[in-house]
1. With just the Cα atoms defining each centre, how far is the stretch A:201-244 from the stretch B:112-146? Give it in Å.
2. Out of B:ALA45, B:ALA58, A:PRO160, whose Cα points farthest toward the positive end of the dipole of the protein assembly as shown (charges: +1 Lys, Arg; -1 Asp, Glu; placed on Cβ)?
3. Which value in deg cm²/dmol, rounded to the nearest 500, describes the helix-derived mean residue ellipticity at 222 nm for the protein assembly as shown, given -39,500 (n - 2.57) per DSSP H run of n ≥ 4 and division by the residue count?
4. What angle, in degrees between 0 and 90 and rounded to the nearest 10, separates the Cα long axis of helix A:5-23 from the longest principal axis of the Cα atoms of chain A?
5. May I ask for the angle, rounded to the nearest 10°, between helix A:54-63 and the longest principal axis of chain A, with both axes built from Cα atoms and the value confined to 0 to 90°?
6. Length gain on complete extension for the stretch A:LYS171 to A:ALA153, per 0.36 nm per residue less the alpha carbon to alpha carbon distance?
7. Using a basic spin-label model with each label point 7 Å from the Cα along Cα→Cβ, how many nm lie between A:VAL131 and B:THR99?
8. Provide the FRET efficiency to the nearest 0.05 for the B:HIS41-A:ASN69 pair, computing r from the beta carbons and using R0 = 25 Å.
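Quick note: the coordinates plus some simple rules give every number you see, no bench work behind them. Owing to the predicted nature of the structure, the values given are computational and were not obtained by experimental measurement. Here the Cβ positions follow ideal geometry from the backbone for every residue, glycine too, while neighbour counts run over all protein chains shown.
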Amino acid sequence: MKISRRQILILLPAAAVAWKSLLAGTPEASPNYTMTDHWWSMLIDIPKCIGCGNCVRACQAENDVPDGNFRTWVERYHVSDENMTNPVVISPDGGKEGFPPVAQEDAGKYFFVPKLCNQCADSPCTQVCPVGATFTSPDGVVLVDQTYCLGCAYCVQACPYGCRYIHPVKKVADKCTLCYHRITKGLTTACCEACPTGARQLADLKNPKDPIHEFLKTHAVQILKPQMATGAKVFYNGLDGTVR
Amino acid sequence: MSGSKDAAHLFRFAGLFVLLFVVFLVVRHYIVPKSFGQYGHYRGAAIGEIAARPIKYAGHEACETCHVDVLDVKKAGKHAHVNCEACHGPLAKHADDPTAMTPVKPDTAVICAQCHTASAAKPKGFPQVIPDDHSTGLPCETCHKPHSPAMDNPAVAAGGAK
């Protein structure tokens, strides 16, 4: 079969356009920052958390998080000796203004659990996005492209940790970015910067000099909901089995 | 070769499909953002846009370049590991241009209590007081210097007031 001149005239521009669309894409890199050199995570040291709420306030200030929504929050657990499977969990205003006093005579144990996006390597939230507006970046941070997001909230439902919300003004999904605008400039996150006890520490799993490696080697560290196989990268030291 | 003449209508139809495909490619070329698919099924340029957001917390290294005197006091005290902006709040504007914004001095009666108010939920080793009983309403800095809070009087520091 011969291809006629007419067919070639139709096919050639089509091939040219297809080739051009393949080549499209402009590389986007901050100077002195190579995405593939990093794999970000965080360490939460529960025995160090005093529930002061500094991290919640710092996060809201740094990221303009609207009141009533949280990219990070602190929960206070009360596990009584008689009913260990049903802890009482409170987080008044995300723990932003601290916690109500505890009656000393209350039986059982109390502890604080700071929560934030777990920056899952196999995140359920990015898998359900119908338009490709949320993704795991090459350096392991789950981000939202807010100019592309439709606000359908599939991801809000998909996150097993409740870490996403629909921004009440922008009407698009919003979440912890692990202060991506800071860590790419060599700073730590706002919550880690503001934590007075070192209960939160930013960690780079690809950096062999990061103290996280020594910590993970020498401590019994857990992630939240490991049975969900999300590949969560926020590690908790001293995590009680009652924490959900 | 007699069959090819009968198939002319099929070629016309195929041509129509090719034309529609070209239209699709042209439309797609203008609708899909340039960097979509650069790293995966998302707009690659979004990463740079998120990284370009402004910072509000300068980070303690920025503070320490100027406030060396405070750093020396702080390093020797119990608050050595507490970063500046944990108490002083976000001050990137001040770090960028010290004349543009003067930080407000935190009220020690409020800021100290945020961490040091006694609660059974707090770790046992963490220093805690019931503010009203401990200081009867006096600002904490009357006795404790926030950058190095241990008191000079060793008898009191050893547990005179609790």
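1. 31 Å
2. About the Cα centre, the residue reaching furthest to the positive side is B:ALA45.
3. On the way: 16 runs with 131 residues, N = 406.
My calculation for the protein assembly as shown gives -8500 deg cm²/dmol from helical runs alone.
4. Helix A:5-23 sits roughly 30 degrees off the main axis of chain A.
5. 20 degrees
6. Numbers: separation 18, 0.36 × 18 = 6.48 nm, distance 0.96 nm.
Value of the extension gain: 5.5 nm.
7. Calculated label separation equals 4.6 nm.
8. Values: r = 27 Å, r/R0 = 1.07.
The calculated FRET efficiency here is 0.40.
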